[in-house]
Structures are given as structure tokens and as C-alpha cells.
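Only the coordinates and a few stated rules stand behind these numbers; no lab work does. The structure presented is a predicted model; accordingly, all values stated were derived computationally and were not measured. Here Cβ is always computed from backbone atoms with ideal geometry, including for glycine, and neighbour counts include all displayed protein chains.
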Amino acid sequence: MSTIFNMAEVVDIGIEKEKARRDFYRAAAEASPEGEAKELFRKLAGWEEDHVRKFEEIRAELDEKEPPESYPGEEVKYIQALVADQLYRDTTAEKIAAEATSARAAITRGIEFEKDAILFFRSLGLFLSPDRREIIERLVGEEKDHLVYLLELRKSYLE
């Protein structure tokens with residue numbers, strides 16, 4: 001078993017993170033009483049489901065070639081550190097959703113998720129050839145759109 005991630009494996013990790021965000025919003029919707037917050041969480045879950053599909057389309061375009069490294073294992077150690085982040089470790093969507101006791105709290109958690117995704121993909125770009133970075137920039141663009149949306153949405157809950 002190879003210890004080096006190829007681009008397809010990295011995008012797979014991104015897909016799993018998107019699914020975790022989707023599951024979080026679904027659980028938050030289930031835990032919320034009918035009303036504005038429930039609808040917001042449903043919308044965000046649908047948004048993440050759409051993002052999963054977009055990432056899967058990107059995944060389908062990739063081959064299985066391995067990226068170059070400066071030394072053996074360089075990439076895998078860093079990527080493993082990003083994947084093992086506390087945001088995802090030892091938790092479930094239900095647990096996170098239970099902690100998000102308001103729409104604003106869930107939006108704040110969503111902002112954390114989007115920032116994590118941007119960091120993950122931007123950091124990954126450091127290990128890739130220029131043609132591969134283009135794929136990463138597509139992924140980052142999706143995450144940035146989500147981040148801006150959530151930041152603006154959170155402002156509306158402050159007013």
C-alpha cells in the first residue's frame with residue numbers, strides 16, 4: 001500500500017469532508033424545530049450535497065499519477081495532519097449539530113468548515129505541478145463562495 005496520496009485520493013478526502021459538512025447540516029435540521037433555522041439547515045445541507053457532486057465531477061477527471069515530492073513521505077505527513085484536524089476528529093455530525101444550538105452557532109461552525117477546506121486544498125497545492133494546481137483552484141473557488149455566503153449570512157443574524 002502506497003503512503004503517497006495521488007490527486008484522486010486527495011479529492012476523495014475533500015469529498016469526505018464535504019459529506020461530513022452535509023451530514024452536519026442535515027443533523028442540525030433534524031434537531032431544529034420547524035421555522036427559519038430548520039429551513040436554513042436544509043438549504044445548507046442541499047448546498048453541500050451539490051458541492052459533493054461538483055467534487056465528484058472533478059474527481060472523475062483525474063488520473064492516478066502520483067505528484068513529485070522533495071523527499072519520500074513529504075506529502076503524506078502534511079496531508080495526514082490536515083485530515084486529522086480536531087474539526088473532524090472524534091466527532092459525529094449529530095454531536096456537532098447538538099452543540100450548534102442556534103442558527104448563528106451552526107453558521108459559525110459552517111464558517112470553520114469552509115476555512116478548513118480552503119486551508120486543506122491551498123496547502124495541498126504546494127505539492128502539485130502547475131496543471132494540478134488548476135484543479136485545486138477550482139476546489140478553493142467553491143469553498144470561497146461558501147465562506148463568503150456564510151459570513152454574510154452570519155451578519156444578518158447579528159442585526
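Remark: spin-label model distance residue 119-residue 19 equals 2.3 nm, labels positioned 7 Å along the Cα→Cβ axis.
Once you have the Cα-Cα distance between residue 8 and residue 60, take 0.36 nm times their residue separation minus that, and quote the gain in nm to one decimal. Let's see the in-between values first.
On the way: separation 52, 0.36 × 52 = 18.72 nm, distance 0.84 nm.
Additional length available on full extension: 17.9 nm.
Peptide packing: for 110-121, 39-50, 18-29, 147-158, the average count of neighbouring Cβ atoms within 10 Å per residue gives the ranking 18-29, 110-121, 39-50, 147-158, highest mean first. In this rough spin-label picture, where each label sits 7 Å from Cα along the Cβ direction, the residue 134-residue 152 distance is 2.9 nm.
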